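To start, the structure itself, in structure tokens.
The values are calculated or read from the model by the stated rules, or taken from the named source; none is laboratory data. Please read all numbers here as calculations on a predicted model, not as lab measurements. So basically every Cβ, Gly included, is an ideal-geometry build from the backbone, and we count neighbours across all protein chains shown.
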Amino acid sequence: MSEEYSKILQSAFDNGIPFINITEFYSYALIPQGDKWLEIAYDFGEKSIDEKKEIDGSAAFFKLCEEVEKSMALELEVFYLNRWKEFKQGLSGSDEEKLKALIKELTSNSKTYSDNLPVVFNEEDLGKILSKL
């Protein structure tokens, strides 16, 4: 399964900017696939894909919020959750548009929320995960 996850990650930026995080135990990704998003989670201990399914933009928006507000907030020693929620509340448009804005915010203004945000910022940053597979 490591090989399958590796291939998916290597093409993750083909259709836009994905959200990919990395924790001590797993990696979680929302990858744009045209009008759908691929939701995928990889367990480092089990060396297997835990979840893999296509979801719409609205579901992906809620999954991203859940991942950031619960998992990443717990994973990090310092995470400015209030700043994140303020930014999120200021967004307008469809859930799909909000999702893209949130991903862009996390990847381009990460220091606003944490000094050590465990996300992949660009294609060159994929090595953080690929080295753990």
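Couple of notes before you dig in:
Yes/no matrix, rows are residues, columns are (1) polar (S, T, N, Q); (2) modelled with pLDDT under 95:
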{"residue": "GLU75", "(1), (2)": "no, yes"}
{"residue": "GLY90", "(1), (2)": "no, no"}
{"residue": "SER114", "(1), (2)": "yes, yes"}
{"residue": "LYS132", "(1), (2)": "no, yes"}
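- Within region 86-120, considering residues that are under 15 Å from the mean Cα position of the chain (by Cα), hydrophobic (A, V, I, L, M, F, W, C) and in a helix (DSSP H, G or I), the one farthest from SER71 (Cα to Cα): ALA101
- Scanning region 45-58 for residues that are within 11 Å of TYR26 (Cα to Cα) and either without any contact (Cβ under 8 Å) to a residue 12 or more places away in the chain or surrounded by 12 or more Cβ atoms within 10 Å (Cβ to Cβ) (or both) yields GLU46, LYS47, SER48, ILE49, ASP50.
- Residue within region 111-123 that is among the charged types (D, E, K, R), touching a helix residue (DSSP H, G or I) at 6+ places or on another chain (Cβ under 8 Å) and either surrounded by fewer than 12 Cβ atoms within 10 Å (Cβ to Cβ) or under 16 Å from ILE17 (Cα atoms) (or both) present: no
- The single condition from (1) over 19 Å from LEU126 (Cβ atoms); (2) surrounded by fewer than 20 Cβ atoms within 10 Å (Cβ to Cβ) that PHE61 fails is (2).
- The test for being free of Cβ contacts under 8 Å to residues at least 12 places away in the same chain and farther than 21 Å from GLU3 by Cβ holds for GLU66.
- Filter result for SER27 (buried (at least 19 other Cβ atoms within 10 Å of the Cβ), assigned to a strand (DSSP E or B), in contact with a helix residue (DSSP H, G or I) (Cβ under 9 Å, 6 or more places away or on another chain) and among the hydroxyl-bearing types (Ser, Thr, Tyr)): yes
- Here GLU39 fulfils each of the conditions (1) free of Cβ contacts under 8 Å to residues at least 24 places away in the same chain; (2) in a strand (DSSP E or B) apart from (1).
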